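Report on the following structure.
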Amino acid sequence: MRTNKNSRYTWLWLLLIAGSPLAVAQKFSGLANTPQMGWNSWNKFGCNVSEQLIRETADAMVSSGMKEAGYQYVNIDDCWHGERDARGFIQANAERFPSGMKALADYVHARGLKLGIYSDAGWKTCGGRPGSRGHEYQDALTYAQWGVDYLKYDWCEANALKAEGAYLTMREALRAAGRPVLFSLCEWGDNKPWEWARDVGHSWRTTGDIYPCFDCIEDHGTWKSWGVLQILDKQEGLRQYAGPDHWNDMDMLEVGNGMSANEDRAHFSIWVMMTSPLITGNDLRSMSKETAAILTNKAVIAVSQDRAGVQALRQSRQDGVEYWFKPLEHGDWAMMVLNRNAEPRSVSFDWNHESVTDDVSGAKTEFPSVRYELRNLWTGRPAGNTTRALRATVPGHDVLLLRLSPTHSTAAAARRPPRE
Ligand code: GLA
């Protein structure tokens with residue numbers, strides 16, 4: 001048999017390339033099979049970060065019950081940086097982090113938590129600190145040596161770059177450094193990351209920055225920040241791109257940062273329903289009982305962390321009231337009735353005349369043929385079943401959040417073929 005010489009060499013080359021560090025790597029898969037949960041310094045503290053704040057936050061994450069509820073990452077956002085040394089390696093700001101990042105990572109790890117850090121694909125971060133441009137491999141190596149577990153990677157001063165390439169470079173650098181790092185893309189949705197970032201990172205921001213207001217836009221001149229409802233509305237058309245290990249990121253939470261309790265509850269419910277990462281942005285050391293109760297409600301968090309990993313769909317809307325559904329494992333559904341109005345609204349939903357079909361996951365509700373038991377996830381109380389129409393009053397800027405569980409005996413009976 002004659003072998004084609006050229007094809008023999010092609011195979012040899014392919015083998016060599018595949019085994020070499022030049023081969024295209026992959027993201028560290030499986031780090032965010034459900035949306036990541038943690039805390040980040042930016043929303044509350046801006047550039048005012050220090051090792052003391054991070055240590056106290058790690059302690060508070062444990063003592064407040066946040067860790068127990070599933071929060072894991074303690075993330076330092078912008079402004080931790082000092083200068084680069086003569087060889088180009090980045091240093092932490094020595095005044096703010098006198099013990100160094102390695103010691104800080106050890107402290108966080110000792111509490112069973114993980115440490116996150118922030119950088120930027122461009123020359124400078126949004127806060128004017130050194131960016132990673134041209135130093136990607138060095139920075140990834142440094143983070144790995146420090147023991148960093150999470151990288152949020154921003155998009156300031158990146159005008160000359162193409163987003164996909166820039167984020168791929170950092171993905172490769174992280175991979176080469178060898179320490180599993182959750183890679184959180186933050187380019188604000190400018191370059192449609194949902195179309196290309198599934199294999200690049202674990203989540204991508206879909207919008208500009210949030211700020212603690214339920215229904216407002218803040219105009220800074222060259223950029224705007226967005227309220228909760230504005231961010232929700234920007235998710236239109238994106239749900240098909242989200243799933244286990246690759247999430248649409250609606251930005252960090254503002255729960256506990258000045259909105260009313262109703263608004264905080266609605267904000268948290270929306271992020272949960274939309275499978276956005278749950279990265280809190282308040283001061284964990286001094287949060288009120290009310291804030292802690294919202295952030296640690298396990299039944300609500302279970303909707304976010306459901307293994308099916310499907311982002312909610314809006315079934316209908318009327319008079320500023322929206323009906324959202326999220327298919328969950330084992331035939332369950334979460335339902336959110338969102339009242340966008342400032343005033344309360346009476347709502348009714350007749351299961352006998354409604355149905356939900358999710359084109360993305362293929363899930364379908366089975367009312368009226370199957371009875372679902374209802375549980376109100378914020379009060380923790382049973383809320384009847386789907387044999388009788390739902391009637392409720394939803395306060396202004398608030399939600400009704402229910403879990404629907406099929407009564408399996410009825411479901412099985414409904415599906416059982418007729419006897420011969
Ligand atoms: C950008 C990001 C924010 C925050 C700041 C830090 O605006 O979108 O989330 O990281 O930079 O400067």
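Here, each number is a calculation from the coordinates, and none is a lab measurement. Not measured: the values here are computed from a predicted model. Every residue, glycine among them, receives a Cβ derived from its backbone with ideal geometry; neighbour counts consider all protein chains shown.
Points to keep in mind about this one:
- When only alpha carbons are used to place a centre, the range 314-358 and the range 99-122 end up 40 Å from one another.
- Fewest neighbouring Cβ atoms within 10 Å first, the residues ASP245, ASP359, ASP190 line up as ASP359, ASP190, ASP245.
- Segment ASN376-ALA342, length gained on full extension (0.36 nm per residue, minus Cα span): 10.1 nm
- Under 5 Å, built H, 5+ apart or other chain: amide partners of VAL74: TRP39, LYS114, LEU115, GLY116
- Residue of ALA299, ALA121, ALA86 that the Gaussian network model of the chain assigns the largest fluctuation, springs spanning Cα pairs under 10 Å: ALA86
- Cα long-axis angle, helix 51-63 against the chain (0 to 90 degrees, to the nearest 10): 30
- Compactness relative to 2.2 N^0.38 Å, alpha carbon Rg of the range 163-229: 1.34
- Longest to shortest principal axis, alpha-carbon extents of the range 126-244, angstrom: 43, 34, 27
- Amide H contacts of ALA383: LEU374, ARG375, ASN376, each under 5 Å away and 5 or more positions distant or on a separate chain (H built 1.01 Å from N in the peptide plane; Pro and chain starts excluded).
- The radius of gyration of the Cα set in the chain, together with its Dmax, comes out at 23.6, 85 angstrom.
- Fully extending the segment from GLU83 to GLU290, taken as 0.36 nm per residue of separation minus the present Cα-Cα distance, adds 70.4 nm.
- Choice from GLN318, GLN305, GLN145 showing the highest fluctuation, given a GNM over the chain with Cα pairs closer than 10 Å: GLN318
- Note on the range 202-285: along the principal axes its Cα atoms extend 33, 31, 21 Å, ordered by decreasing extent.
- Ranking ASN191, ALA342, TYR211 by how far each Cα lies toward the positive end of the dipole of the chain (charges on Cβ) leaves ASN191 at the top.
- Neighbour counts of C-beta atoms inside 10 Å place THR291, THR296 in the sequence THR296, THR291, starting with the fewest.
- Were the residues from GLU164 through ARG179 laid out at 0.36 nm apart, the gain over their Cα-Cα distance would be 3.2 nm.
- In the chain, a dipole from Cβ-located charges (positive for Lys and Arg, negative for Asp and Glu) runs towards its positive end, and of GLN230, ILE294, ALA69 it is ALA69 whose Cα lies farthest in that direction.
- Peptides 326-337, 43-54, ordered by how many other C-beta atoms sit within 10 Å of their residues on average, highest first, read 326-337, 43-54.
- Pairwise Cα separations in the range 272-420 fall into 5 Å bins from 0 onward with the following percentages, short to long: 2, 9, 16, 21, 20, 15, 8, 4, 3, 1, 1, 0, 0, 0.
- Spherically averaged projected area in nm², based on the convex hull that wraps the Cα atoms of the range 265-324: 5.0
- GNM top mover of SER184, SER203, SER225 - the chain, alpha-carbon springs below 10 Å: SER225
- From least to most packed, judged by other beta carbons within 10 angstrom and beginning with the fewest, GLU164, GLU263 follow the order GLU164, GLU263.
- Cβ-isolated cysteines (cut-off 4.7 Å), the chain: CYS186
- Take the Cβ atoms of HIS220 and VAL360, set R0 to 41 Å, and the FRET efficiency comes out at 0.70.
- For the chain, adding -39500 (n - 2.57) for each run of n ≥ 4 DSSP H residues and dividing by the number of residues yields -7500 deg cm²/dmol at 222 nm.
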